[in-house]
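The structure appears below as structure tokens.
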Amino acid sequence: MTRVYQPTDYVVEKSRVSSFEKYKEMHKKSLEDPEGFWSEIANEFYWQTPPQPGNFVSYNFDINKGNVFVKWMEGAVTNVCFNLLDRNVRKGHGDKIAYYWEGNHPDDYSRVTYKKLTELVCQFGNALRDSGVGKGDRVAVYMPMILETVVCMLACARIGAVHSVVFAGFSSDSLAERMSDCNAKVLVTADGAWRGEKLLVLKNICDEAQQKAKQKYNHNVNTCIVVSHLNRVTPCGRLPDDIRTLYKWNDEKDIWWHDLVEGQSTICPPEWMAAEDPLFMLYTSGSTGKPKGVLHTTAGYLVYATATFRYVFDYAEKDIYWCTADVGWITGHTYVVYSPLANAATSVIFEGTPFYPDNDRYWALVDKYKVTQFYTAPTAIRALTKCGDEYVKMHDLKSLRVLGSVGEPINPEAWLWYYNLIGGGRCSIADTFWQTETGGHVLTSLPGATPMKPGAAGFPFFGVEPSLLDENGQVIEGPGEGYLVFAQPWPGIMRTLFGDHQRYQQVYFSKFPGYYCTGDGARRDEDGFLWVTGRIDDMLNVSGHLMSTAEVEGVLTEEPRVSEAAVVSKPHPIKGESLYCFVILNDGAVFDADLINSLKKLVRQRIGAFAAPDVIQYAPGLPKTRSGKIMRRILRKVAMGDHDIGDTSTLADPGVVEELFKSRP
Ligand code: PRX
């Protein structure tokens, strides 16, 4: 029996929703009267034209009834950046710290107030306008975790441009594909950044990406704006005497950020945006290989991000909040940038890694800034667990009240370590389940309100009504396990895939007409807790990074010696899942260390280092059904070395299974 953990008095005292009954009542109201529920939050914002009663939400989730669409607050007009910055300054938060920035090296840190951030954003907004960027134009962003990244995103929002941030761990190929797909006008980057002792020369990756974009997709950005970062931070490893020798400079295209903003006015009139105008797009992996440009719009996203942050982290005015996610992922968008600022919060933003200069860096920072809410990923927790408790005990973590987890299911051992050691048994853990597509948390516990079970995502957030469906689309009532779907939209759900509404309908709404299908499985236990069991499509979650088997298989078969590849997930003690790859070779090719190395290198090059396979195995053949479908279930067993493979009667050649077990490395 899993133990149920009730919120402690310490958490309940300061919480907004202080009992399970109150949560249930509010949840019910949010579903019965979405307009009443969401208007309360919407009314806090500044609107050029306020949301109109009666026109608050309209949608169609049933593909059989025509076009799938979602609209919230149609007809309302506002600007997200104005609400995050100017509104807060006008409310008297001008001198409040918006961010404490902590660099990779502990000697590097700074802070920025709401007023100063507003000025920086205005200057960069004006600079973007001068560079020819206007409403609706896409801006590609390939940046480290520095304040300019936030400034850039908010400047886009201010002038109505759509930022498309690409995580700076992606390769130049991935960046080229993403910035071409959205036809970005401008690319914003930094010369480089340190991660631990590793130097990343981002400018070079951007140059390569631009070349590839031109050759492969006939796409050109007009301008590449570069933050000069390396010469203002403490080196964490070797650097040449002259940093400029690290990369090339193209006078026609490249421009320094500081040159561009110099002399720009600190006043920048916002572009007034319709509620359903795009705010930003963000690529996420698709199970057929090509990344999907998830598009979020203005008013609904703003309201939903604000609400989830407020309730899930129970943020109070003097709290210091820290989300460790990189801005390159959705967690960074919603919970490093948009929602903390919408709530006038003070956040920590951290450039480095948990292991530099030592394994106590996270805990040192919690202590240094007296962090009250700490939000991180299970993969980080597992890695830190392995480092030993002494690193934690070196620091005072008593400021903490709410701990968050995101990105993948958290295993009970990691949960308990987080709860007992980091939270000292006082704090609530919010295991937040959500997706790039959902815009914000959809399943989670609420700190003072809901009980917790280690490993369970808990309960639906306000406005969210989850269902579990069986294979035939029948709703499973009560305890059971099935496809996790949603029958109605909440304000923050994505509206389309950029440039491909057809694919949006096909991927998310065609399997079960009438429902948004997450692609995850979930179980509801006898107490009503929801447990997310993981992807049920051909997607993998490595250290919280989602990727598709097809994407990696596509890269492996680019290698001339490989004729066919199949990739499956193998459980990994720290990363959660890891890539286990089977390759069939072309005639005459030899399976050796050289091949393994070049395949690993190829995946790093095409996708990014985080996608590097753990194992590459020679396969004399693949277990296929008579209709030619690869039975991945069997490959997963081979990867695990588990001979209990069950029924193989549907295989065209059952003999291949034994061969595969024999050729395990
Ligand atoms: O499989 C689920 C897993 O991550 C997927 C979404 O990945 P992405 O769009 O990159 O967004 C990650 C950050 C929100 C989901 O489909 N996932 C995310 N959070 C959890 C999770 N699985 C279980 N528990 C979670 N808390």
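The values are calculated or read from the model by the stated rules, or taken from the named source; none is laboratory data. This structure is a prediction, so every number in the text was calculated from the model and none was measured. Here the Cβ is made from the backbone with ideal geometry for all residues, glycine too, and neighbour counts use every protein chain on show. Note: accessible area is taken over every heavy atom of the protein model, side chains too, but ligands, DNA and RNA are not part of it. Shrake-Rupley method; radii C 1.70, N 1.55, O 1.52, S 1.80 Å.
Here is how the numbers come out for the structure above:
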| item | result |
| --- | --- |
| Qualifying residue in region 297-304 (condition: buried (at least 23 other Cβ atoms within 10 Å of the Cβ) and more than 22 Å from the chain's Cα centre (by Cα)) | no |
| Region 346-355, residues that are touching a residue at least 40 places away in the same chain (Cβ under 8 Å) and either open to solvent by less than 30 Å² (accessible area, probe 1.4 Å) or within 16 Å of the ligand (Cβ to nearest atom) (or both) | T346, S347, V348, I349, F350, E351, G352, T353 |
| Single residue of region 225-239 satisfying the filter (among the hydrophobic types (A, V, I, L, M, F, W, C) and farther than 17 Å from T189 by Cβ) that is surrounded by the fewest Cβ atoms within 10 Å (Cβ to Cβ) | L239 |
| Qualifying positions in region 191-201 - in contact (Cβ under 8 Å) with a residue 60 or more places away in the chain and closer than 14 Å to S228 by Cβ | A193 |
| Selection count where residues are surrounded by fewer than 16 Cβ atoms within 10 Å (Cβ to Cβ) and either in contact with a helix residue (DSSP H, G or I) (Cβ under 7 Å, 6 or more places away or on another chain) or part of a loop (DSSP other than H, G, I, E, B) (or both), scope region 17-35 | 3 |
| Residue in region 283-296 that is away from the ligand (no atom under 16 Å from the Cβ), closer than 30 Å to W322 by Cβ and open to solvent by less than 50 Å² (accessible area, probe 1.4 Å) present | no |
| Count of region 308-335 residues which are more than 12 Å from the ligand (Cβ to nearest atom) and open to solvent by less than 10 Å² (accessible area, probe 1.4 Å) | 6 |
| Unmet criterion (only one of (1) surrounded by fewer than 19 Cβ atoms within 10 Å (Cβ to Cβ); (2) small (G, A, S); (3) modelled with pLDDT under 95) for A611 | (1) |
| Selected residue (only one of N250, N222 is surrounded by fewer than 19 Cβ atoms within 10 Å (Cβ to Cβ), under 26 Å from K198 (Cβ atoms), away from the ligand (no atom under 16 Å from the Cβ) and modelled with pLDDT of 95 or more) | N250 |
| Residue in region 529-572 that is most open to solvent (accessible area, probe 1.4 Å), counting only those that are touching a residue at least 40 places away in the same chain (Cβ under 8 Å), acidic (D, E) and under 19 Å from P291 (Cβ atoms) | E558 |
| Test result for V507, touching a residue at least 12 places away in the same chain (Cβ under 8 Å), of a type in the set (A, V, I, L, M) and open to solvent by less than 30 Å² (accessible area, probe 1.4 Å) | no |
| Residue check for G134: out of contact with any His (no Cβ under 7 Å at 6 or more places or on another chain) and open to solvent by 10 Å² or more (accessible area, probe 1.4 Å) | yes |
| Check on E177, at pLDDT 95 or above, in contact with a Cys (Cβ under 6 Å, 6 or more places away or on another chain) and open to solvent by 10 Å² or more (accessible area, probe 1.4 Å) | no |
| Which numbered condition E74 fails, given (1) among the charged types (D, E, K, R); (2) in contact with a strand residue (DSSP E or B) (Cβ under 8 Å, 6 or more places away or on another chain); (3) open to solvent by 20 Å² or more (accessible area, probe 1.4 Å); (4) more than 26 Å from K135 (Cα to Cα) | (4) |
| Residue in region 117-136 that is over 23 Å from L341 (Cβ atoms) and not in a loop (DSSP other than H, G, I, E, B) present | yes |
| In region 618-665, the residues that are closer than 12 Å to A566 by Cα and basic (K, R) | K624, K629, R632, R633, R636 |
| Residues (in contact with a Pro (Cβ under 8 Å, 6 or more places away or on another chain) and in contact (Cβ under 8 Å) with a residue 24 or more places away in the chain) located in region 18-64 | F20, H27, W38, A42, V57, Y59, F61, D62, I63, N64 |
| Listing of strands (runs of 3 or more DSSP E) fully contained in region 44-108 that carry 3 or more residues being within 30 Å of A487 (Cβ to Cβ) | 57-60, 69-72 |
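Each row is one residue, and each column tells you yes or no for (1) out of contact with any Cys (no Cβ under 9 Å at 6 or more places or on another chain); (2) over 30 Å from T376 (Cβ atoms); (3) free of Cβ contacts under 8 Å to residues at least 24 places away in the same chain.
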residue	(1), (2), (3)
I574	yes, no, no
A611	yes, no, no
T625	yes, yes, no
R632	yes, yes, no
G641	yes, yes, yes
L660	yes, yes, no
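Residue by residue, here is whether (1) more than 29 Å from the chain's Cα centre (by Cα); (2) under 26 Å from P357 (Cα atoms) holds:
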position: D181; (1), (2): no, no
position: R195; (1), (2): no, yes
position: L202; (1), (2): no, yes
position: K214; (1), (2): no, no
position: S228; (1), (2): no, yes
position: D251; (1), (2): yes, no
position: V261; (1), (2): yes, no
